[in-house]
Amino acid sequence: MIYLDAAATTPVKREVIEAMFPWLTSNFGNPSSHHELGQIAAAGLADARSSVALTLGAHSEEIIFTSGGTEADNAAVKGIAQARRRREPSRNRVLVGATEHAAVLESAKYLEEYCGFTVDVVPVDSQGRTDIGRYSELLAEDVALVSIMYANNEVGTVSDISTLAKMAHDVGAAMHSDCVQAPGWLPLNVETLGVDALSLSGHKIGAPKACGALYLRAGTDFVSLVHGGGQENGKRSGTESVALAVAFATALAVACGQQETVSQSVSELRDRFAELVTRNLPWVIATGHPSSRLANVASFCFPKLSGESLLLELENQGIFSSSGSACAAGSDQASHVLVAMGIPEVVGQTALRFSFSADISAEQLDATAKSLVAGVERVLALGGAKQA
Ligand code: PLP
């Protein structure tokens, strides 16, 4: 099997399982309990929190453990915008990038439909980068929050978050960035990025599903979405999973610790793979930014071919990739990301995304490129071309 869907999810790393194991078994206490077992759990949770903070260049009290990227995005978008407007009632607008994950887009939609906010979508160019001219026009003193992702999960385009954050701050708006796809591939320091909040997810980096974190800069307006016993410093109630917090902290430290070397070597493999594909199939369209992109994502459109047929062809050869984001998989509509980049609907329907793990090899990618070329020929021979 060649697994090329790491942007959808990854297997749990052995060192992560080993780090979390004691917190599922002998050290099973509730961190809120006053007895010794509880105190051991509270100390484990505090260590995990300070490890995440250290990795991000943040302070421990700025880290909120969540059930993953979706919850962190919801908490940031809804929690910051509402609290910011409460303090300054004229701040009634939210700006979101056109290619955001549904967790951000749907949270913004909720603010519009249920909370009376106006939401403006910031367009992107044909390579998926923020249209800076339009962004600057949309920014004004009535904006409560801007949410723009660091790296796109479908086409891999990387945004210049520090510039976008500075522009948001110039009009007094808070800046959130969905950084779910970044760890292990991009530098991830909250001071360099200049954001007030960022979202992370464990299962993209070798931790189990349903863990992650929200970084929330000290002093940022925020109202919790989850009320109860006041855990996570009152910002996210519910008994904490020490095991998942430890797993997430371990995976994040490993991913970020090897980021520079791994992203360099994997980006070389990605370029070689993309070159092989486009040399053999010159009519294929490589999507996303050519250089400002995630080291581990190569994405293409195969005009006039059925993306789903191609996906099945590859799967029959033991190669697992994706027709876009896992959330949109199975739908035969072009993704909102490709549409926002100006790619015609019929072309967008033919998209395939290949996303690699850190241990990907040149041999695996060469075999994939070969299977892809053969798969295209078979789909064409079987009459799998779309009526474009
Ligand atoms: N944001 C981005 C960019 C993602 O790629 C994903 C997952 O696909 C999420 C948010 C949601 O994260 P989770 O699956 O942890 O809820």
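Test A174 against the stated conditions and say whether it is more than 16 Å from the ligand (Cβ to nearest atom), in contact (Cβ under 8 Å) with a residue 12 or more places away in the chain and under 28 Å from R91 (Cα atoms). Give the derivation first.
Working: more than 16 Å from the ligand (Cβ to nearest atom): yes; in contact (Cβ under 8 Å) with a residue 12 or more places away in the chain: yes; under 28 Å from R91 (Cα atoms): yes.
It is true that A174 is more than 16 Å from the ligand (Cβ to nearest atom), in contact (Cβ under 8 Å) with a residue 12 or more places away in the chain and under 28 Å from R91 (Cα atoms).
What tally of residues in the stretch 181-192 results from selecting those that are farther than 24 Å from A298 by Cβ and either acidic (D, E) or surrounded by 24 or more Cβ atoms within 10 Å (Cβ to Cβ) (or both)? Full working, then the answer.
Taking the stretch 181-192 first, the residues farther than 24 Å from A298 by Cβ are 189-192.
Cutting the leftovers down to either acidic (D, E) or surrounded by 24 or more Cβ atoms within 10 Å (Cβ to Cβ) (or both) gives us 191.
Of the residues in the stretch 181-192, 1 are farther than 24 Å from A298 by Cβ and either acidic (D, E) or surrounded by 24 or more Cβ atoms within 10 Å (Cβ to Cβ) (or both).
Restricting the search to the stretch 127-153, which residues are surrounded by 23 or more Cβ atoms within 10 Å (Cβ to Cβ) and more than 24 Å from K78 (Cβ to Cβ)?
G128, the sole residue that qualifies.
For the stretch 213-230, state whether one or more residues are within 16 Å of the ligand (Cβ to nearest atom), within 23 Å of T287 (Cβ to Cβ) and either modelled with pLDDT under 95 or within 15 Å of the chain's Cα centre (by Cα) (or both).
Start the filter on the stretch 213-230 by keeping residues that are within 16 Å of the ligand (Cβ to nearest atom), which leaves 213-215, 225-226.
Okay, now just the ones that are also within 23 Å of T287 (Cβ to Cβ), so none.
Checked against the condition, which is being within 16 Å of the ligand (Cβ to nearest atom), within 23 Å of T287 (Cβ to Cβ) and either modelled with pLDDT under 95 or within 15 Å of the chain's Cα centre (by Cα) (or both), the stretch 213-230 yields no hits at all.
Search the stretch 189-207 for residues being in a loop (DSSP other than H, G, I, E, B) and in contact with a helix residue (DSSP H, G or I) (Cβ under 6 Å, 6 or more places away or on another chain), and hand back the single one that is nearest to the ligand (Cβ to nearest atom). First the steps, then the outcome.
Residues of the stretch 189-207 in a loop (DSSP other than H, G, I, E, B): 189, 194-196, 202-207.
Subset that is in contact with a helix residue (DSSP H, G or I) (Cβ under 6 Å, 6 or more places away or on another chain): 194-195, 202, 205-207.
Working: G194: 19, V195: 15, G202: 7, I205: 10, G206: 13, A207: 10 Å.
Once the filter is applied, the top-ranked residue is G202.
Just wondering, is there one or more residues in the stretch 89-96 that are in contact (Cβ under 8 Å) with a residue 24 or more places away in the chain and within 16 Å of the ligand (Cβ to nearest atom)? Steps first, answer last, please.
From the stretch 89-96, those in contact (Cβ under 8 Å) with a residue 24 or more places away in the chain are 90-96; that's our starting set.
Adding the requirement that they be within 16 Å of the ligand (Cβ to nearest atom) leaves 96.
Yes, some residue in the stretch 89-96 is in contact (Cβ under 8 Å) with a residue 24 or more places away in the chain and within 16 Å of the ligand (Cβ to nearest atom).
Is one or more of the residues making up the stretch 164-171 within 21 Å of the chain's Cα centre (by Cα), in a loop (DSSP other than H, G, I, E, B) and touching a residue at least 24 places away in the same chain (Cβ under 8 Å)?
Scanning the stretch 164-171 turns up no residue that is within 21 Å of the chain's Cα centre (by Cα), in a loop (DSSP other than H, G, I, E, B) and touching a residue at least 24 places away in the same chain (Cβ under 8 Å).
Being among the hydrophobic types (A, V, I, L, M, F, W, C), in contact (Cβ under 8 Å) with a residue 24 or more places away in the chain and more than 16 Å from the ligand (Cβ to nearest atom) narrows it down to one of L24, L37, so name that one.
Numbers: L37 fails: in contact (Cβ under 8 Å) with a residue 24 or more places away in the chain.
Only one candidate passes the filter, namely L24.
State whether the residues of the stretch 58-72 include one that is of a type in the set (A, V, I, L, M), in contact with a helix residue (DSSP H, G or I) (Cβ under 6 Å, 6 or more places away or on another chain), without any contact (Cβ under 8 Å) to a residue 40 or more places away in the chain and under 29 Å from E191 (Cβ atoms).
Of the stretch 58-72, the ones of a type in the set (A, V, I, L, M) are 58, 63-64, 72.
Adding the requirement that they be in contact with a helix residue (DSSP H, G or I) (Cβ under 6 Å, 6 or more places away or on another chain) leaves 58, 63-64.
Keeping just the survivors that are without any contact (Cβ under 8 Å) to a residue 40 or more places away in the chain gives none.
Looking for residues that are of a type in the set (A, V, I, L, M), in contact with a helix residue (DSSP H, G or I) (Cβ under 6 Å, 6 or more places away or on another chain), without any contact (Cβ under 8 Å) to a residue 40 or more places away in the chain and under 29 Å from E191 (Cβ atoms), one finds none in the stretch 58-72, hence no.
Looking at V226, V195 in this structure, which one is buried (at least 19 other Cβ atoms within 10 Å of the Cβ) and among the β-branched types (V, I, T)? Lay out the reasoning, then the answer.
Details: V226 fails: buried (at least 19 other Cβ atoms within 10 Å of the Cβ).
Being buried (at least 19 other Cβ atoms within 10 Å of the Cβ) and among the β-branched types (V, I, T) holds for just one of V226, V195, which is V195.
Kindly indicate whether V12 is in a helix (DSSP H, G or I), modelled with pLDDT of 95 or more and crowded, with 16+ Cβ neighbours inside 10 Å.
Details: in a helix (DSSP H, G or I): no; modelled with pLDDT of 95 or more: yes; crowded, with 16+ Cβ neighbours inside 10 Å: yes.
When the stated conditions are applied, V12 does not pass them.
Can you tell me which residue in the stretch 66-88 is nearest to the ligand (Cβ to nearest atom), limited to those that are buried (at least 24 other Cβ atoms within 10 Å of the Cβ) and more than 18 Å from V195 (Cα to Cα)?
G68
Could we say that T239 is among the hydroxyl-bearing types (S, T, Y), more than 30 Å from E88 (Cβ to Cβ) and in contact with a Pro (Cβ under 9 Å, 6 or more places away or on another chain) here?
Numbers: among the hydroxyl-bearing types (S, T, Y): yes; more than 30 Å from E88 (Cβ to Cβ): yes; in contact with a Pro (Cβ under 9 Å, 6 or more places away or on another chain): yes.
For T239, the condition - among the hydroxyl-bearing types (S, T, Y), more than 30 Å from E88 (Cβ to Cβ) and in contact with a Pro (Cβ under 9 Å, 6 or more places away or on another chain) - is met.
Are any of the residues in the stretch 255-275 in contact with a helix residue (DSSP H, G or I) (Cβ under 6 Å, 6 or more places away or on another chain), among the aliphatic types (A, V, I, L, M) and in a helix (DSSP H, G or I)?
Going residue by residue through the stretch 255-275, those that are in contact with a helix residue (DSSP H, G or I) (Cβ under 6 Å, 6 or more places away or on another chain) are 256, 269, 273.
This time we only want the ones that are among the aliphatic types (A, V, I, L, M), so: 269.
In the following step, the residues that additionally are in a helix (DSSP H, G or I) were identified as 269.
The answer is yes; a qualifying residue exists.
So which pairs qualify, if the first residue must be in the stretch 246-273 and surrounded by 22 or more Cβ atoms within 10 Å (Cβ to Cβ), the second must be among the charged types (D, E, K, R) and not in a helix (DSSP H, G or I), the Cβ gap must be under 6 Å, and the two must be at least 6 apart or on different chains?
none
Within the stretch 182-194, can one find any residue that is over 19 Å from V122 (Cβ atoms) and over 17 Å from the mean Cα position of the chain (by Cα)?
yes
For the stretch 149-163, name all the residues that are β-branched (V, I, T) and either within 12 Å of the ligand (Cβ to nearest atom) or not in a helix (DSSP H, G or I) (or both).
First, pick out the residues of the stretch 149-163 that are β-branched (V, I, T): 155, 157-158, 161, 163.
V155, T157, V158, listed by residue number.
The values are calculated or read from the model by the stated rules, or taken from the named source; none is laboratory data. None of these values were measured; they are calculated from a predicted model. As a convention, Cβ positions derive from the backbone with ideal geometry for all residues, glycine included, and neighbour counts pool all protein chains shown.
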